[in-house]
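Just below is one structure, and these are the notes that go with it.
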Amino acid sequence: MPTAKKGTKKAATKTSSTTNVTVSGAAQNTSAPPPAAAPGDWRVRIRMYRKWLGDCFLLTFRNSGKDLHVMIDCGALAGTPGAKAKVGEAVDNIVQDTGKQLAALVVTHEHWDHVSGFSDAADSFKGFSQVGEVWAAWTEDPKQTIVKQNQKLRFQAVQSALQNWSASESIDDQQRGEAVAELMAFVGPGGALGAAAQTTSQAMKTALSLGPTRYLTPGQILTDIPGVRVYVFGPPQNLASLHKMMGTVGKDMYGISVTDAQMAIAQAFAAAAGTQAGTMDADRYVPFEPYLHWDEDAWTKTFPDPADAYKQDPVRKIDRDWLNTAAELALQLDSYTNNTSLVLAFELADTKDVLLFVGDAQVGNWQSWSTVKFGNPDPNASGPSVPEVTVADLLARTIFYKVGHHGSHNATLKTGGLEAMTSPRLVAAIPVDENFARTTKHWDMPAPPLYKALQEKTLGRILRSDSDFPTNSAKPAALSDGDWAEFQRNVNTQPHYVEFYVR
């Protein structure tokens, strides 16, 4: 990624220092561990595929001797070494271990690190003989107005800037365009801008075509899996919540990585999006009215000498500085897509234990949950009666938390979020490759303040896709000997995945 020129916003190339918190399982086991003997009385097996930056989970629910499988997302971030082979191997493994049958496939949101496998491993997905349903957020329903608006925001607002970067004679401009496109998950392996806007969209369409699709809204309860209730927390149906990516540091978020200028851009974008303006064409994203534009090729040929002088004068670079605002807008649109994440809580009916999967939900998504109500306390209402429950109740009983957005600073709410997860049995799982995130992408993943909070809440029980912990690891100081032995018994770490058993 190029060094930013003077006047260029640096949000897309944010560099951070290495975390100063202790990483679970920092001492890695270099040899493949032998298969662990699964505890015979397990009720749920949670498998996190590993060794890349991206999400791919398999949940297996055991009920009356029959195993039912739910797959959640399948993707690796663009630029991940060997991504296609790794994701393909994971899908092949899932096809084999599930007997080629999924009760449900969950696709949380349209980002490459969550959906790349549906393109890269398309042939492997053909190995499934049955996918009961595909679960996606209401924001993916093509009948929803917000979906069409979202597509316009994502593709028309920034596509003009991408085209200008790509067409520029400046290597800096071309590389910046590639960086912004990749940041927005437009680009798969190869990074060509020409088809960038459609790459992730096509992977999402492929995922939604793998079975009958059910679009989910907050407040729904799914009972398709015997012995399990699935509660839909988000994404919110309120535009203001959908567009809220940031919150107050210390109250809502674990740290911050944006400047005041970036926050101003975010607020301006949210205000503009909230107006639901009419026609959105490329002319809205250039600095002057269309009738004032000169075709660059035409005037360059007509006035060659002034054109050469113009292009060679560094001051004249100002005519491309508006593209830097597009980089800021790209960041906010990227976060906006994260905020459309489908958020599900799986409650085990007999024990009331809860497993929470939040995709990459950011602040607005999390905060919207406080208004979501579940259940039907009215005995005279139609349909089966379900005990009333709140999100706060479910968070308090959460024993497994899939950490949002690879541990970024604003994808786990503080007050009313992680702090509300009060179970002494809480285990966290982070699908992250910290070395790749920091050295290649220059991202704080996991964010040190969040990681410290996770260590405190879980007493050190953090599973990571880039770590062999707890294999050959020292006991976390906060855990008792008995709890440490129990945790080790419930974890099976293998070269390509780590499993956690709920008993």
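Test T206 against the criterion of being outside any loop (DSSP other than H, G, I, E, B), of a type in the set (S, T, Y) and modelled with pLDDT under 95, and give yes or no. Explain how you work it out, then say what you get.
On the way: outside any loop (DSSP other than H, G, I, E, B): yes; of a type in the set (S, T, Y): yes; modelled with pLDDT under 95: no.
Spelling it out, it is not the case that T206 is outside any loop (DSSP other than H, G, I, E, B), of a type in the set (S, T, Y) and modelled with pLDDT under 95.
Just to check your reading of the model, which residue among L459, L454 is modelled with pLDDT of 95 or more and crowded, with 24+ Cβ neighbours inside 10 Å?
Just a single option satisfies the conditions, and that option is L454.
If you go through the stretch 100-124 one residue at a time, how many are surrounded by fewer than 21 Cβ atoms within 10 Å (Cβ to Cβ) and out of contact with any His (no Cβ under 9 Å at 6 or more places or on another chain)?
Residues flagged as surrounded by fewer than 21 Cβ atoms within 10 Å (Cβ to Cβ) and out of contact with any His (no Cβ under 9 Å at 6 or more places or on another chain) within the stretch 100-124 amount to 4.
I'm trying to understand the selection: among the residues of the stretch 459-497, which are assigned to a helix (DSSP H, G or I) and acidic (D, E)?
Within the stretch 459-497, D481, D483, E486 meet the criteria.
Can you tell which of P470, P424 is buried (at least 23 other Cβ atoms within 10 Å of the Cβ) and closer than 20 Å to L355 by Cβ?
P470
Of the residues T213, T199, T223, which single one is hydroxyl-bearing (S, T, Y) and modelled with pLDDT under 90?
When all the criteria are applied, what remains is T199.
Quick test for you: out of L210, L222, pick the one residue that is closer than 19 Å to D141 by Cβ, surrounded by 19 or more Cβ atoms within 10 Å (Cβ to Cβ), over 17 Å from the mean Cα position of the chain (by Cα) and of a type outside the set (D, E).
The unique qualifying residue is L210.
Let's see how each residue does on (1) out of contact with any Cys (no Cβ under 8 Å at 6 or more places or on another chain); (2) of a type in the set (D, E); (3) buried (at least 23 other Cβ atoms within 10 Å of the Cβ); (4) at pLDDT 95 or above:
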position	(1), (2), (3), (4)
T415	yes, no, no, no
A447	yes, no, yes, no
A478	yes, no, no, yes
D481	yes, yes, no, yes
F500	yes, no, no, yes
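Would a scan of the stretch 427-435 turn up a residue that is assigned to a loop (DSSP other than H, G, I, E, B), in contact (Cβ under 8 Å) with a residue 60 or more places away in the chain and surrounded by fewer than 19 Cβ atoms within 10 Å (Cβ to Cβ)?
no
So, in the stretch 397-413, of the ones that are of a type in the set (A, V, I, L, M, F, W, C) and assigned to a loop (DSSP other than H, G, I, E, B), which residue ends up surrounded by the fewest Cβ atoms within 10 Å (Cβ to Cβ)?
So, considering only residues that are of a type in the set (A, V, I, L, M, F, W, C) and assigned to a loop (DSSP other than H, G, I, E, B), the one surrounded by the fewest Cβ atoms within 10 Å (Cβ to Cβ) is V403.
Which ones in the stretch 117-136 are farther than 27 Å from D224 by Cα and of a type in the set (S, T, N, Q)?
Hit for the stretch 117-136 is S119, nothing else.
Being closer than 21 Å to T139 by Cβ and at pLDDT below 95 narrows it down to one of L344, L333, so name that one.
The unique qualifying residue is L333.
The values are calculated or read from the model by the stated rules, or taken from the named source; none is laboratory data. As the structure is a computational prediction, the values presented were derived from the model and not from experiment. In this analysis, Cβ positions are derived from the backbone assuming ideal geometry, glycine residues included, and neighbour counts consider all displayed protein chains.
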